[in-house]
Structure formats: structure tokens, C-alpha cells
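The values are calculated or read from the model by the stated rules, or taken from the named source; none is laboratory data. Worth saying up front: this structure is predicted, and the values here are computed from it rather than measured. Here Cβ is always computed from backbone atoms with ideal geometry, including for glycine, and neighbour counts include all displayed protein chains.
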Amino acid sequence: MRVTMIGSGYVGLVSGACFADFGHDVTCIDKDQTKIDALKQGKIPIYEPGLETLVENNVRAGRLTFTTELEAGVTDADAVFIAVGTPSRRGDGHADLSYVYAAAEEIARNLKGFTVIVNKSTVPVGTGDEVARIIKETNPDAEFAVVSNPEFLREGAAIDDFKRPDRIVIGGDNPRGMEVMREIYRPLYLNKSPIVEMSRRSAELTKYAGNAFLATKISFINEIADLCEKVGGDVQDVARGIGLDNRIGPKFLNAGPGYGGSCFPKDTLALLKTSQDYDAPQRIVEAVVSVNDNRKRAMGRKIIQALDGDVRGKTVALLGLTFKPNTDDMRDSPAIAIVQTLQDAGANVKVYDPQGEEQARLVIQNVEYCASPYEAIEGADALSIVTEWDEFRALDLRRVLTMLKQPVLVDLRNIYDRDQAESLGYTYVGIGR
Ligand SMILES: NC(=O)c1ccc[n+]([C@@H]2O[C@H](COP(=O)([O-])OP(=O)(O)OC[C@H]3O[C@@H](n4cnc5c(N)ncnc54)[C@H](O)[C@@H]3O)[C@@H](O)[C@H]2O)c1
């Protein structure tokens with residue numbers, strides 16, 4: 001199959017590379033010339049484990065090409081995937097669909113022969129209808145079907161998620177369009193990944209419902225963590241105690257500083273906007289969003305509290321800035337609000353992140369960026385783990401103790417053992433324990 005990806009970001013590039021690896025002929029298009037130039041030189045513009053090798057192999061095999069020229073990729077394609085961003089719209093929190101609609105228009109002008117237009121971007125219910133309308137209006141003679149195929153990959157484990165998904169959701173009602181989709185995903189079907197077919201609107205909603213549910217688990221366990229702190233419980237034990245129940249499951253039950261990233265914050269917000277438009281309130285999701293919003297600054301206050309409520313003139317070392325490990329994505333990372341809260345209270349902040357510094361510099365200023373965890377820790381009054389990168393799990397805590405001015409360890413990801421830390425002499429503050 002000839003497959004074209006419009007948008008070569010996290011989703012477009014990973015999906016494109018994986019489709020190529022399945023044996024399809026893939027063209028990845030982006031309007032960002034710098035990104036395409038880099039990709040042509042074998043440089044990967046994002047940090048995603050395994051992606052560089054996957055791209056390199058498939059480029060070498062002649063199955064994966066990059067271009068800014070949309071026409072070349074669309075005219076001959078069996079399927080054109082829209083994988084452009086759908087950020088929160090400034091001002092009202094609705095999903096900003098301008099990139100999707102612009103892509104639809106450009107695709108329409110270049111369609112030749114029957115083509116499936118696949119919405120892979122996360123888009124509110126009804127967007128597929130609007131994409132179909134735009135294509136028809138722009139090119140009345142075009143033969144096409146619009147299908148929804150939301151993406152569930154996680155940054156940091158994107159390739160594995162794409163190649164071994166829990167399920168593939170395909171929404172559409174055009175038999176020819178659905179046939180093309182089955183053919184594209186056939187290699188996964190052979191791997192026994194379930195393909196769930198449904199209406200386009202149901203597929204669009206499935207993506208938001210899935211993310212809202214996962215966000216709910218996170219806000220739920222974070223509130224239970226707060227209660228644990230008040231009553232002397234340990235949230236990790238509680239999480240394990242409930243997570244072993246198959247009906248609940250152990251994932252997304254790690255208490256922490258709140259969810260961030262490119263999806264949960266904007267998708268929960270967009271779902272709320274849709275629910276308002278259709279007069280079907282989603283009160284649980286409303287609570288989830290509000291709990292999460294309040295939590296990020298509360299984590300900054302937790303660090304301040306650990307330093308006796310006064311950080312003016314003191315230095316705090318933060319390890320990990322990205323919203324989760326194994327990515328360089330800083331979008332809506334809790335670290336942004338935590339740094340702000342500390343700075344508002346007069347603290348100096350030193351930071352280190354294994355992969356996120358370049359992106360972090362765009363959103364976090366007036367901090368000292370350090371080249372290693374120990375450089376950040378040296379001379380600080382307190383150390384706080386904000387993101388649980390593996391390399392922080394094995395820090396030499398004895399050495400750290402000698403480098404800190406005060407033995408204060410605020411572990412916002414619960415990666416250390418309280419008893420061990422306290423036996424070394426730390427004042428240890430975890431989450432919900
Ligand atoms: N990042 C994730 O983990 C993830 C997971 C599942 C779903 N999604 C969804 O997938 C979509 C894409 O997310 P992302 O993280 O890959 O975004 P991204 O910002 O990393 O990439 C989007 C790319 O699209 C390009 N683009 C925009 N308009 C274009 C056009 N008209 N023609 C060509 N290129 C164009 C941009 O230059 C950019 O490189 C979003 O809707 C997101 O919600 C993301």
C-alpha cells in the first residue's frame with residue numbers, strides 16, 4: 001500500500017516509520033522545512049527510543065521518504081493520514097482544528113483516484129464530517145472516504161505501542177475505505193492485535209473517552225495520596241492493593257505531581273467543551289481536570305513546606321523536567337508550574353533533565369540548567385525528583401547527602417525507599433506516604 005502521513009511529529013513520524021517497517025511505501029510530509037531537512041539527513045527531530053534506527057533502516061530499504069511537497073505524496077497514495085497537531089485553542093480550550101482543516105483542503109486539491117483520508121489526529125466528534133465536507137467542496141470530483149483511526153501510542157514507548165497495540169480502532173462506513181484500512185493494518189492483525197471497527201463518530205469519541213479515563217485514574221490516586229498523607233497510609237500499598245484487582249488494573253495508579261504532556265491536558269479540556277456544546281455534562285472529567293490543575297502548584301508548595309515554608313534566597317535542585325521519562329516533550333509538564341511556584345516564593349532553581357533541556361529552555365527561564373544530576377545538586381538546600389528518569393533511581397544518595405546544604409529530599413515520584421533515605425539522614429518527603 002502507498003501511505004502518506006501529513007505531519008511528521010511524534011505521531012506522524014512514528015506511524016510512518018512503523019508502516020514502512022510493515023512493508024508499505026510511506027511518504028512523510030511536513031510543512032516544517034527544517035524538520036524535513038533534518039530527517040533527510042538522518043537526524044530525528046524528537047527524542048523517541050529506537051526511532052532513529054527504525055527510520056534509518058526503512059529509508060535505506062527505500063520504503064520511507066520525506067518531503068515538504070504535499071502533491072507528490074498525495075496523488076498516488078492509497079491512504080493519506082492526517083497527523084497534524086490539535087492543540088488547545090487559545091482562549092476557549094476547544095481543540096484547535098485549523099491545522100486539520102488546512103491539511104484537508106490541501107489534500108483535496110491533489111487527490112487523484114479513490115483515496116482514503118484517515119484522521120489520526122485526536123479530533124472532536126464530528127470533525128470527520130467536516131473534513132469530508134471540506135474535501136467535497138474543494139474538489140467536487142474527488143473519490144474518497146474519510147475514516148477515523150485515533151492513535152493510542154505513548155511517547156517513550158511509541159514504537160512498541162504502535163507495533164503491538166492493545167487494539168486498533170477504525171471508524172467509518174465506506175466499505176472500500178474500510179477494506180484499505182484492513183489491508184494497511186493487516187500485519188498487525190496477523191499479530192493478533194484486535195481491530196475494532198465502529199462508526200466514525202464513535203471512533204472519534206473513543207480516543208477522548210480513553211484519555212479521560214486514564215486521566216481519571218491519575219487524579220483519583222493523587223487524591224487518595226493526599227488522604228494517605230493525612231491518615232498515615234501509604235498510597236503505594238493502597239495502589240497495589242487495588243491494582244491487583246483485575247477489574248481495576250495496576251496501571252496509571254502511580255501517585256505523583258499530576259498529569260501533563262501533549263495529550264491528557266488538552267484532550268480532557270476538549271472533551272469538556274464538546275460535552276458543553278452537546279449539553280451532556282461530564283462532571284467526573286470536570287473534577288479530574290480541576291484536581292490536576294490545582295495539584296501542580298501544590299507540588300511546588302510541598303517543596304517549600306519541606307524547607308520550613310521559606311525558600312527565599314535558598315536553592316532547590318529539580319531532577320527531571322519532561323512530563324514523563326524517555327521523552328523530550330515539555331508540553332504542560334508539571335515541572336513548569338513547580339518551578340514557577342518556587343520562583344514566586346523567591347527560590348533559586350537548578351535543574352537537570354537527560355533529554356528535555358532544549359524544549360525546557362523554551363518554557364522555563366531564569367533557572368540554572370546543569371549538565372548532570374550532581375551538578376544540579378551541588379550546594380542546593382533541597383533536592384526534588386520531578387520526573388522519574390531511570391538514571392535518578394541509582395543516584396548515590398550518600399554522595400548526594402554530602403553535596404546538599406540541607407538533607408531535604410522531596411520525592412514527587414516515590415522512587416526512593418523512605419526508610420533507607422531516613423536511615424541515611426535525609427528528611428524524606430514522598431507522595432502519599
Ligand atoms: N504525541 C502523542 O503522544 C500522541 C499520541 C496519540 C495521539 N496524538 C495526537 O496526534 C496528533 C499529532 O500529535 P503530535 O504529538 O505528533 O504533534 P506534533 O506537533 O509533534 O506534530 C505535528 C506536525 O504536523 C505538522 N503540520 C501541521 N500542519 C501541517 C500541514 N498542513 N501539512 C504538513 N504538516 C503539517 C507540524 O509542522 C508538526 O511537525 C494530535 O492530534 C495529538 O493529540 C498524539
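Structure data summary
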quantity: When residues of the stretch 401-416 are limited to those that are more than 28 Å from the chain's Cα centre (by Cα) and surrounded by fewer than 21 Cβ atoms within 10 Å (Cβ to Cβ), the one farthest from residue 318 (Cα to Cα); calculated: 402
quantity: Pairs, first at pLDDT 95 or above and β-branched (Val, Ile, Thr) in the stretch 332-359, second surrounded by fewer than 20 Cβ atoms within 10 Å (Cβ to Cβ) and in a helix (DSSP H, G or I), C-beta under 6 Å, six or more apart; calculated: 336/363; 341/297
quantity: Meets criteria (farther than 20 Å from residue 330 by Cα, of a type outside the set (Phe, Trp, Tyr) and surrounded by fewer than 24 Cβ atoms within 10 Å (Cβ to Cβ)) for residue 62; calculated: yes
quantity: Test: residue in the stretch 376-388 that is of a type in the set (S, T, N, Q) and either assigned to a strand (DSSP E or B) or crowded, with 20+ Cβ neighbours inside 10 Å (or both); calculated: yes
quantity: Helices (runs of 4 or more DSSP H) (entirely within the stretch 187-299) containing at least 3 residues that are among the β-branched types (Val, Ile, Thr); calculated: 200-231, 235-243
quantity: Qualifying residue in the stretch 316-325 (condition: surrounded by fewer than 17 Cβ atoms within 10 Å (Cβ to Cβ) and either in contact with a Lys or Arg (Cβ under 7 Å, 6 or more places away or on another chain) or over 16 Å from residue 380 (Cα atoms) (or both)); calculated: no
quantity: Considering residues of the stretch 120-176 that are within 19 Å of residue 324 (Cβ to Cβ) and hydrophobic (A, V, I, L, M, F, W, C) only, the residue surrounded by the most Cβ atoms within 10 Å (Cβ to Cβ); calculated: 158
quantity: Close pairs (8 angstrom Cβ cut-off, 6 or more residues apart or separate chains): acidic (Asp, Glu) in the stretch 405-422, assigned to a strand (DSSP E or B) anywhere; calculated: 411/384; 411/385; 411/428; 411/429; 422/428
quantity: The stretch 326-346, residues that are surrounded by fewer than 24 Cβ atoms within 10 Å (Cβ to Cβ) and small (Gly, Ala, Ser); calculated: 337, 345, 346
quantity: Output for the stretch 73-102, where each listed residue is within 11 Å of the ligand (Cβ to nearest atom), touching a residue at least 40 places away in the same chain (Cβ under 8 Å) and not β-branched (Val, Ile, Thr); calculated: 73, 81, 83, 85, 87, 88, 95, 99
quantity: Residues located in the stretch 41-59, provided they are surrounded by 18 or more Cβ atoms within 10 Å (Cβ to Cβ) and touching an Asp or Glu at 6+ places or on another chain (Cβ under 8 Å); calculated: 46, 47, 48, 54, 58
quantity: Top-ranked residue of the stretch 264-275 - restricted to ones that are within 15 Å of the ligand (Cβ to nearest atom) and more than 11 Å from residue 88 (Cβ to Cβ), ranked as farthest from the chain's Cα centre (by Cα); calculated: 274
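Per-residue answers, yes or no, for (1) within 16 Å of the ligand (Cβ to nearest atom); (2) in contact with an Asp or Glu (Cβ under 9 Å, 6 or more places away or on another chain):
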| residue | (1), (2) |
| --- | --- |
| 108 | yes, yes |
| 113 | no, yes |
| 116 | no, yes |
| 121 | yes, yes |
| 129 | no, no |
| 135 | yes, yes |
| 145 | no, yes |
| 150 | yes, yes |
